[in-house]
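The values are calculated or read from the model by the stated rules, or taken from the named source; none is laboratory data. All values derive from a computational prediction rather than experimental measurement. Cβ placement follows ideal geometry from the backbone for every residue including glycine, while neighbour counts extend to all protein chains displayed. To get the accessible areas, we keep the full protein, side chains included, count just its heavy atoms, and leave off ligands, DNA and RNA. Shrake-Rupley method; radii C 1.70, N 1.55, O 1.52, S 1.80 Å.
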Amino acid sequence: MSTAESTAPETVQSRLSVHDFTGSICEQLVHFHVLRLQDSFMIWIGRQPASLSNLAVAMATNLDSIPSASMLLGDMSDPVSASLAQKLAKMTGKQVFVSCDLPQDRMLQPLVEERITSELKAFPEKFYF
């Protein structure tokens, strides 16, 4: 029997994971889906059914203390996803993708951020390594 025949394939554990949570915010049920990636994560925020109508990314740079952010998909004049991506990138030091499919609401946005922050502090391993 040759060495190639007797060697079992190596088991590789996936570094990709999904974490879902919800919150009742301003009398609305808001869903949060986190996709943990290697060295980054993506979070979708919205109501059901899920829709990826926008996507922003933010990451830290050596040029500024505020992470750089850019809209990748959707309405470029809607700052919610990019702003939240910047805040989460600054908080975690990771590259962060955000899709926020909620209406722009000055009362709702801080409460959504608070819910994400509390989940992030309680379960950091669900967001990044």
Q. Taking 0.36 nm per intervening residue step and subtracting the Cα-Cα distance, what contour gain separates SER68 from MET91 on full extension?
A. 6.9 nm
Q. When the helix-only estimate is applied to the chain (DSSP H runs of n ≥ 4, each -39,500 (n - 2.57), divided by the residue count), what is the mean residue ellipticity at 222 nm, nearest 500 deg cm²/dmol?
A. -7500 deg cm²/dmol
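When Lys and Arg each count +1 and Asp and Glu each count -1, what net charge do the other residues less than 14 Å away from PRO103, Cβ to Cβ, add up to? Intermediate results must be reported in sequence, preceding the final value.
Details: positive: ARG47, ARG106; negative: GLU27, ASP75, ASP78, ASP101, ASP105.
Summing Lys/Arg as +1 and Asp/Glu as -1 gives -3.
If packing is taken as the mean number of other Cβ atoms within 10 Å per residue, what is the order of 74-84, 27-37, highest first?
Values: 74-84: 17.1, 27-37: 15.5.
Ranked from most to least packed, the peptides come out as 74-84, 27-37.
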**Q.** the chain: angle of helix 80-92 to the longest principal axis, Cα-based, in degrees nearest 10
**A.** 50
Q) What percentage of the solvent-accessible surface of the chain, computed with a 1.4 Å probe over protein heavy atoms, is contributed by carbon and sulfur atoms? A) 55
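What is the percent of Cα-Cα separations in the chain that go past 17 Å? Present the calculation step by step, with values, prior to reporting the outcome.
Details: 4973 of 8256 pairs.
Above the 17 Å cut-off, the chain has 60 percent of its Cα pairs.
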Q. Hey, what's the chain come to in accessible area per residue, 1.4 Å probe, Å²?
A. 62
Q) Points 7 angstrom from Cα along the Cβ direction at SER118 and PHE21: gap in nanometres? A) 0.9
Q) Can you give the alpha-carbon Rg of segment 66-129 over 2.2 N^0.38 Å, where N counts its residues? A) 1.11
(Q) To test your reading of the geometry: what angle, between 0 and 90 degrees and rounded to tens, separates the Cα axis of helix 108-122 from the longest principal axis of the chain? (A) 30
Q) Can you give the net charge of the other residues whose Cβ lies under 14 Å from the Cβ of GLN48, counting K and R as +1 and D and E as -1? A) -1
(Q) Under a crude label model (7 Å from the Cα following the beta-carbon direction), how far is ALA50 from MET107 in nanometres? (A) 2.9
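Between beta-carbons, use under 14 Å as the cut-off and find the net charge around CYS26, counting Lys and Arg +1, Asp and Glu -1. Don't skip to the answer; put the middle values down first.
On the way: positive: ARG47, ARG106, ARG115; negative: GLU27, ASP105, GLU113, GLU114.
After counting each charged neighbour, the total is -1.
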(Q) Between GLU10 and ASP78, what is the label-point separation in nm under the 7 Å Cα-to-beta-carbon projection? (A) 4.3
